[in-house]
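In what follows, a structure is listed as structure tokens, so that the remarks can point back to it.
The values are calculated or read from the model by the stated rules, or taken from the named source; none is laboratory data. As the structure is a prediction and not an experimental result, all values here were calculated from the model. Because the Cβ atoms are built from the backbone with ideal geometry, glycine has one as well, and the counts that use them run over all protein chains shown. Accessible surface areas use protein heavy atoms only, side chains included; no ligands, DNA or RNA. Shrake-Rupley method; radii C 1.70, N 1.55, O 1.52, S 1.80 Å.
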Amino acid sequence: MQADMAAELKRLQAQTTVTSIKGLHELGKSHRDQVPITALGRRPVIKRDPVAFIDAIESNLIKELLPQRHAKMAANPAAFFRGTAELMAYDLSHEAQSGLRVLTDGDVHLQNFGFYASPERQLLFDLNDFDEAAPNAFEYDVKRLTTSIYLFGADQHFEESALDDLVQDVVRTYRKALKNAFKQGALERFYASTPVEELIADLPEEDAAFVRTMAAKAAKRDNQATVKKFTEQVGQRRRFKDDAPRSVHVDQGLEIALMRGVLAYQQTTRADVALLLGQYHITDIIRHSVGIGSFGTSCYLVLLTGLGGSHLVLQVKEALPRRRELAPNDLTVDQQREASEGQRIIAATQILQKASDPFLGWFNLGGKSFYVRQFRDMKGSIDVSTLDWRQYAAYGRVCGYLLAMAHAQSPMAAIAAGYMNKTFDETMQHWAKDYLHQVIDDYAAFVAKYGH
């Protein structure tokens, strides 16, 4: 990941000797002559079999969990969209692009933002899923976010015209936030943070109160609450609760292998965290599936017990190659391809989030790559299905702002800021609304095969 972004910076420097932000903005404006903004709104006719793409992804997943995965995805088009990032990735790779590449999240949608604690235990709100992260044209994330606003809004039966206005408003928020970010120096952008109270400072009190309530709920989901919810005392030993098929204990051979993996993981963490983990020993491991798109990957919870009987729960999650690389004609995932994926995801998390879980790390095991983070500690999300219209609109704008702040860490984002103008707002809105037809068609094809 670092090598990709370094290469991108060298390419930028080779193209221009401009070093001022104003000069980079001007370079962005001139780029409209090469790629008109309206070109980003045109969708070519793309013929593909969505079910073949889904089957390709699922060939790498745990078979016994696929019925549950299908049920989650069949719930509605928004849920289907969450679980099929590979389809949009393919489509976007076959249409006009700005060529202004930044480190993108790759799977931005309204439910991929959430609360989490900084190393200083300050509650933050930011992007929180980076499995698909990669350098892409900056508008890639904008198109996925705006499409999700339509899909989740339709599920809530919000008015179409209101959603049209909101999508343009969110894109406008992103555009202005990205430009404003470069009024600061590189260090100021690097150190920028997203504490909850600062994010809601400009919200109406009713909306701010709602966010504070959600934040308070997330804050209560600390490590102690997690241990209480997911474990039980069995004799002299605390163990995870079974809840088959989602949560099941692993066999002894895999448990031993994962123990070795956790030891290797400690070599990739911060020195202070590695020292802390040295005061714990592993007391139980369980396979525990989460999410929609990642439901069915090899995902585990590790219970560690420390001095004085304290406990810590880590999540170990398989790091598959990005879904665009698992196309229907390329089903194999070997160790050489997957070996660096955990490191890629951790690097993207640290770059795109304003502060990150101190327990982040990764390791390779048995031809697979895994990344590690603390499980659920002060983490949570806002369920958009519970929002009224005003809250939904405010939430969408916050997500647009956060996406801009994440993109601002990439050097070429300064050119992207100059490239965008008001036409960009309308272009993205029209594109997203048009892409809804593709999502609905794909959803119908999926339900026809797996929705029974």
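See the values below:
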{"read-out": "Two-decimal log10 I(q)/I(0) for segment 65-144, as the Debye equation yields it once each C-alpha is a single scatterer, q = 0.11, 0.21, 0.22 Å⁻¹", "value": "-0.38, -1.01, -1.05"}
{"read-out": "Charge context of residue 448, other residues only, Cβ under 15 angstrom, K/R +1, D/E -1", "value": "-3"}
{"read-out": "Net charge, residue 269 excluded, C-beta distance under 13 Å - Lys, Arg +1, Asp, Glu -1", "value": "0"}
{"read-out": "Kirkwood hydrodynamic radius (C-alpha pairs) into Stokes-Einstein, segment 141-285, 4 °C and 1.567 mPa s, D in µm²/s", "value": "62"}
{"read-out": "From the C-alpha gyration tensor of segment 91-137, square roots of 5λ in Å", "value": "28, 11, 8"}
{"read-out": "Karplus-derived 3J(HN,Hα), 6.51/-1.76/1.60, for each residue of segment 230-244, Hz, glycine and proline x", "value": "9, 10, 8, 7, 10, x, 8, 10, 8, 9, 5, 7, 7, 8, 4"}
{"read-out": "Förster-model FRET efficiency, 51 Å R0, residue 47 and residue 310, C-beta, rounded to 0.05", "value": "0.35"}
{"read-out": "Linear extension gain, residue 279 paired with residue 220, 0.36 nm per residue minus alpha-carbon span", "value": "18.7 nm"}
{"read-out": "Surface/4 of the Cα convex hull for segment 388-452, nm²", "value": "7.0"}
{"read-out": "Filter on 143/179; 228/317; 241/449; 176/433 - keep pairs with C-alpha separation over 30 Å", "value": "241/449"}
{"read-out": "Estimated D of the chain in µm² per second, where Rh is the Kirkwood radius over Cα pairs and Stokes-Einstein applies at 4 °C, 1.567 mPa s", "value": "57"}
{"read-out": "Potential extension, residue 270-residue 248 segment - 0.36 nm per residue separation minus Cα distance", "value": "4.9 nm"}
{"read-out": "Convex hull per residue volume in Å³, alpha carbons only, for segment 5-161", "value": "202"}
{"read-out": "³J(HN,Hα), Karplus 6.51/-1.76/1.60, whole Hz, each residue of segment 381-395, x for Gly, Pro", "value": "9, 9, 6, 5, 5, 9, 8, 7, 4, 5, 5, 4, 5, 5, 5"}
{"read-out": "Span from the segment 18-80 Cα centroid across to the segment 415-452 one, whole angstrom", "value": "8"}
{"read-out": "Gain in span if fully extended, residue 161 to residue 95, counting 0.36 nm per residue against the direct Cα distance", "value": "21.1 nm"}
{"read-out": "Isotropic mean projected area of the C-alpha convex hull, segment 195-274 (nm²)", "value": "9.0"}
{"read-out": "Backbone N within segment 352-395 under 18 Å of label point (7 Å from residue 259 Cα along the Cβ vector)", "value": "365-366"}
{"read-out": "Accessible area, probe 1.4 Å, largest first, for residues 118, 381", "value": "381, 118"}
{"read-out": "Per-pair calculated FRET efficiency, R0 = 25 Å: residue 75 and residue 388 via Cβ, rounded to 0.05", "value": "0.75"}
{"read-out": "Charge dipole (debye, nearest 20) of the chain; +1 at Cβ of Lys and Arg, -1 at Cβ of Asp and Glu", "value": "760"}
{"read-out": "Rounded to whole Hz, the Karplus (6.51, -1.76, 1.60) HN-Hα couplings of segment 103-115, x for glycine and proline", "value": "6, 9, 5, x, 9, 6, 8, 4, 9, 9, 10, x, 8"}
{"read-out": "Cα-based equivalent ellipsoid of segment 166-220: semi-axis lengths in Å, sorted from largest, via gyration tensor", "value": "25, 17, 9"}
